[in-house]
Amino acid sequence: MALNGDLATMGLEDIFQWLAVGKKTGVLELKGALHTKRVAFHEGRITSIWSSDPREYLGQYLLAFNRITEDQLREALATQEDEQQLLGRILINRQLVTEAEIRRIVQMKVEESIYDTFLWSVGSFEFHEGAPSHQKSMLLSLDVTGIVLEGARRLDDWKRIRRVIKGGDAVLAPISEVIAERLPLSPEDADILTRLDGFKRVDQLVLDMRMPEFKINKLLFDLHEKGLVRLQNPGGNLGENPSLQLQRARALVEKQKLQEAQEELRRILQEQPRHLDANKMMAVVQDLLEEKQLDQDLIPELIVSLDELMNTNLGPNEAFLASRVNGLWTIRDILSIAPFEPDECLRIFSKLLKRGILKATKPAQGGDQRGVQR
């Protein structure tokens, strides 16, 4: 049996409750404008989730909680590829985290991933009854009722937040004199306030702190309500939320119908030239059409000095990748720890190479000599 439809006509709250009340076992596939998620159920309870969004990978959560370093994650992922073990098990065996910590963070990861789907403006769903999850992960048994209530609450909060902080391009600044009067602050508030300088955008904070977009925006919104920060720029100039056209374009890309996807994206960009997600997807499609494949085993190196890099006009994702270039890690290594899609990472590396910000060389073969520059 398969139940399917559009999230605009049957909301997640109704879908989840139907699965819980009916004690269904199977996999619920959710397709949004940019990402796909598969939620596994057993007798009406949630056991695991798979997401195509790299920001929701376990490694990113462990980095956010400072439980491992980027170098430790990169090494563990290399081991995972060789030995086909669960990432959590590898880290436990190396005594970097405990089993209790992994279970706690996995549960948080599953819950946050589901809560995120409540904020989707468009999407579709399909439930495959009796289907196995095929997900190699730590299994949980989560009650649906609490998740539905929290998801609905977050949606209400998100609408309130977006009336003030209108997009990822918003910029906030701390108000020092007010902060001094409110000391001591909670660790979360203190952490995010130290990162605000009146120039850093919200989407850069999301990358820096590796926290879910909702949580960062909620922390900033609450600080604004308390009068501890001021809005330098409310944002909202990156384009509207992903449209149905963008969802169709994504489906076409998945089916490798690249020319049709390009036409769909052109129609979006004619109406909204600054639409962030449409521009991102268009760049990926163009790279695929040109059949350019950057060698992931090359080692990128900065050509410019750090001072020059700081003054270079880079987007948040470009700055993130450039800051990880150390002359030792390959492009593949950096892709493994980045909290966004590999295709986007490769596109950014190609762009930085073309702009003369980076150079890339082959790893040395049989000695210390650097290979041929590209």
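The values are calculated or read from the model by the stated rules, or taken from the named source; none is laboratory data. This structure is a prediction, so every number in the text was calculated from the model and none was measured. Note: ideal-geometry Cβ built from the backbone for every residue, glycine included; neighbour counts use all protein chains shown.
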## Note on the structure
Counting only residues in region 87-98 that are at pLDDT 95 or above and over 13 Å from Y61 (Cα atoms), the one surrounded by the fewest Cβ atoms within 10 Å (Cβ to Cβ) is identified as Q95
### Task
Those residues that are surrounded by 18 or more Cβ atoms within 10 Å (Cβ to Cβ) and within 21 Å of K215 (Cβ to Cβ), I need them from region 69-86; list them, please.
L73
#### Entry: E301 vs. criteria of a type in the set (D, E, K, R), in contact with a Ser or Thr (Cβ under 9 Å, 6 or more places away or on another chain) and modelled with pLDDT of 85 or more
yes
### Verdict on F16 being surrounded by 20 or more Cβ atoms within 10 Å (Cβ to Cβ), farther than 17 Å from H134 by Cα and at pLDDT 95 or above
yes
### Query
Just one of the numbered conditions (1) at pLDDT 80 or above; (2) within 21 Å of the chain's Cα centre (by Cα); (3) not small (G, A, S) is not true of R266; which one?
(2)
### Task
State whether one or more residues within region 23-40 are surrounded by fewer than 19 Cβ atoms within 10 Å (Cβ to Cβ), at pLDDT below 95 and under 25 Å from R154 (Cβ atoms).
yes
### Task
Go through region 21-56 and give me each residue that's in contact (Cβ under 8 Å) with a residue 40 or more places away in the chain, part of a strand (DSSP E or B) and of a type in the set (S, T, N, Q).
T47, S48, S51
